[in-house]
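Heads up: the structure comes next, in C-alpha cells.
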Amino acid sequence: MKRLLLALAAAAALVVTGCKSSSSAGVDKLTQELLSSSKEQLFTKGKALMERKKWEQGRKYLSFVFETYPNEPEGRESLMLVADSYFQQGGTGYTEARYRYRDYLNRYPDARNRDYARYQFAVCYDREIERPDRDQTATLEAIQQYRNLMREFPDSAYAAAARDRIRELADILAEHEFSVGFFYLRKGSPAAALTRFTTLEERFPDYGQKDKLFYNTARALQRLGRTDEARRYLERLLDGYPKSEYAGKAKKMAADLPAPTAAAAQ
C-alpha cells in the first residue's frame, strides 16, 4: 500500500510538471512580444518589416496594433499600412487590399488621408479589370469609385488622375460594346450588331475609334438593306478620318452601294 501511494504521488507530480511545460510552450515568442511591448514599439517594428517587404511578418505586428488600438493614431496607420502591403504585392493582393481600404473608409470618415484611401480603393478595382471582350464588372466599379473620389474630394491631388483614368476606362467599356456588336455582325445578326453600335455611339461620344465604329455601322446597315443610312456613315468616316485605315475600305464600299434613293437625295 505504501509503495502504491508513492507511485501515485510521483505520477501526479509528473502530470503537474507536464501541464506547466505545455502551458509555457503554448505561449510562443511572438505572442509574448505582442503582449509585453508597447503599441509604439510594435508599430515601429511592423513598419520596419514592411519597408523590407517582409509582408507577412510585418502584418502580424501591425494587425495586432490595429485590432488592439483601433482608435489610436498607430492603430489607424497600421490598418493603412496593412492595406498598402497587400496592394504592393499585387495579384490576389488587390482583393485583400480593397477590403482593408474599405474598412478604413468605413471606420474613419474624418481621416486626414481619406482621399488616398478612396483613390487606392478605386485603383484596386482598376487593377482587376478584364480585357474588353470579357466581363466589365470591375471596370464599372472602378469608374464609380473614381467618381466617388472626385465628388468627395474635388480638390484632392488624386482627382486629376481619377478624371484621366475615367476617360480611359470609358474607352474600354466602349470597346467592349463594340466587340459584342462585331461578334453579332460576324455571326450574321446585323440588327443586333447595329443596336450595339448605335448604343455605343450614344453612350460614349468620346470613343477614340469612331472610324472603326462608323465603318462597321455602315456594314450592318448595308446588310439590312438601309443603304442610304450606310452611305451617310461612310461619308462621316471619310470626312472626319480621311487618313484612317478604314478610309480605303469605305471608299470601295460606297462605290458598290446602289445610287441614293429619291428621299435621300432631297
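Buried (at least 18 other Cβ atoms within 10 Å of the Cβ), at pLDDT 95 or above and among the charged types (D, E, K, R): is that true of LYS210 in this structure?
So LYS210 passes the test.
For region 219-228, state whether one or more residues are assigned to a helix (DSSP H, G or I) and within 30 Å of ILE166 (Cβ to Cβ).
yes
Please go through region 237-258 and give me each residue that is touching a residue at least 24 places away in the same chain (Cβ under 8 Å) and closer than 16 Å to LYS210 by Cα, ordered by number.
LEU237, GLY240, TYR241, SER244, GLU245, TYR246, ALA247, LYS249, ALA250
Limited to region 251-266, what total is found for residues that are closer than 20 Å to LEU237 by Cβ and modelled with pLDDT under 80?
1
Looking at (1) at pLDDT 95 or above; (2) surrounded by 15 or more Cβ atoms within 10 Å (Cβ to Cβ); (3) not small (Gly, Ala, Ser), which is the only condition GLU202 fails?
(2)
Going through region 45-100 one residue at a time, which ones are out of contact with any Lys or Arg (no Cβ under 7 Å at 6 or more places or on another chain), among the aromatic types (Phe, Trp, Tyr) and closer than 14 Å to CYS124 by Cα?
PHE87, TYR99, listed by residue number.
Restricted to region 164-199, and to residues that are among the basic types (Lys, Arg) and more than 22 Å from the chain's Cα centre (by Cα), which residue is most open to solvent (accessible area, probe 1.4 Å)?
ARG186
Need pairs with beta-carbon distance below 7 Å; first residue within 15 Å of ARG112 (Cβ to Cβ) and within region 67-94, second outside any helix (DSSP H, G or I) and open to solvent by 20 Å² or more (accessible area, probe 1.4 Å); sequence gap 6+ or separate chains.
Partner pairs satisfying both residue conditions: GLY75/TYR69.
Just for region 110-132: of the residues that are at pLDDT below 95 and open to solvent by 60 Å² or more (accessible area, probe 1.4 Å), which one is farthest from PHE153 (Cα to Cα)?
ARG131
The values are calculated or read from the model by the stated rules, or taken from the named source; none is laboratory data. What you are looking at is a predicted structure, and each value in this text was computed from that prediction instead of being measured. Cβ coordinates were reconstructed from backbone atoms using ideal geometry, including for glycine residues, and neighbour counts include every protein chain displayed. Each accessible area value is taken on the protein alone, full model and side chains, heavy atoms only, with ligands, DNA and RNA left out. Shrake-Rupley method; radii C 1.70, N 1.55, O 1.52, S 1.80 Å.
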